[in-house]
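The values are calculated or read from the model by the stated rules, or taken from the named source; none is laboratory data. What you see is a predicted model; the values in this text were computed from it and never measured. We place every Cβ from the backbone using ideal geometry, glycine too, and count neighbours over all the protein chains shown.
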Amino acid sequence: MLNRHQDGSAGDANYGVIGANYVKYRQPDPHIAAFIHAALGNARSVLNVGAGAGSYEPIDRAVTAVEPSASMRAQRPAHLPAAIDATAEKLPFADGSFDACMATFTVHQWSDLPGGLAEMRRVTRGPILILTADPEELDRFWLVDYAPEVIAVEARRYPQMAIISEGLGGNAKVIPVPIPLNCTDGFGEAYYGRPERLLEPGARLANSAWSFVDASIGDRFVADLGRDLEDGTWDAKYGHLRMQPEFEGSLKLVVSGGRS
């Protein structure tokens, strides 16, 4: 039986604690959404697994959302369907129920990744999409200079691309997703050219990795980055990123053709 937190969160992060103001910082970005919508093709019925507050759910298709955290379900906007309280590892649907299935920023939190991916394959007739980060490319982000502990935590949590592909039946396509400068979805790399934003406690809280390191790491990060921004050290090394329209970091869209 899966261990679930008090609010129902089924992964390693407790969204009853860290998810209170999640939607203030984590709004779907149109540029990233375009990659997802293109990969969905002509699918009319879509299952969103680990749906959270509903980021990247298409509004022009019939979407069924699954989300175990009560805190995250409560933050879904009114125009989206209510999410079902269930987990990836035990989807309450018959075989082949959906044209397509998607999961965004969630597979690294599943307690049984192979089981969850197998369930997605079982209930899906067509494409399966996984938006995630490549753990081998996380160190492209300047945060590694200031909080390497956070990068290390993420590298341990995010599954390898080959493991995801294997869980989807093999031969999945891994598509790099460049991150736009003014990305509205505040995962860490979204602030590659706006370092001041990561000084905000809420911005860090909306990235679950910070909840896995000691609070002293966050305090040190704020002190060091704040000092380097004030005296120009950060800009001397990374200031070019402020004008760089896109950043190709660790963000990937893994796309499988569906059931084999």
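Brief remarks follow.
- For Ser111, the test of being closer than 22 Å to Arg157 by Cβ, in contact with a Phe, Trp or Tyr (Cβ under 7 Å, 6 or more places away or on another chain) and at pLDDT below 95 is failed.
- Scanning segment 38-52 for residues that are surrounded by 17 or more Cβ atoms within 10 Å (Cβ to Cβ), in contact with a strand residue (DSSP E or B) (Cβ under 7 Å, 6 or more places away or on another chain) and small (Gly, Ala, Ser) gives Ala39, Ala43, Gly50, Ala51.
- Just one of (1) under 30 Å from Arg122 (Cβ atoms); (2) in contact with a His (Cβ under 6 Å, 6 or more places away or on another chain) fails for Pro180. It is (1).
- From the list Gly218, Gly249, Gly170, the one residue that fits, being outside any helix (DSSP H, G or I) and over 17 Å from the mean Cα position of the chain (by Cα), is Gly170.
- Pairs, first surrounded by fewer than 16 Cβ atoms within 10 Å (Cβ to Cβ) in segment 86-106, second assigned to a loop (DSSP other than H, G, I, E, B), C-beta under 9 Å, six or more apart: Lys90/Leu2; Pro92/Ala86; Asp95/Arg259; Gly96/Arg125; Gly96/Arg259
- Flag for Phe35 being farther than 25 Å from Ile179 by Cβ, in contact (Cβ under 8 Å) with a residue 40 or more places away in the chain and either buried (at least 19 other Cβ atoms within 10 Å of the Cβ) or touching a strand residue (DSSP E or B) at 6+ places or on another chain (Cβ under 7 Å) (or both): no
- Among the candidates Glu154, Glu136, the residue that is at pLDDT 95 or above, out of contact with any Lys or Arg (no Cβ under 6 Å at 6 or more places or on another chain) and either crowded, with 20+ Cβ neighbours inside 10 Å or not polar (S, T, N, Q) (or both) is uniquely Glu136.
- Some residue of segment 227-245 being more than 29 Å from Ala88 (Cα to Cα), surrounded by 15 or more Cβ atoms within 10 Å (Cβ to Cβ) and small (Gly, Ala, Ser): no
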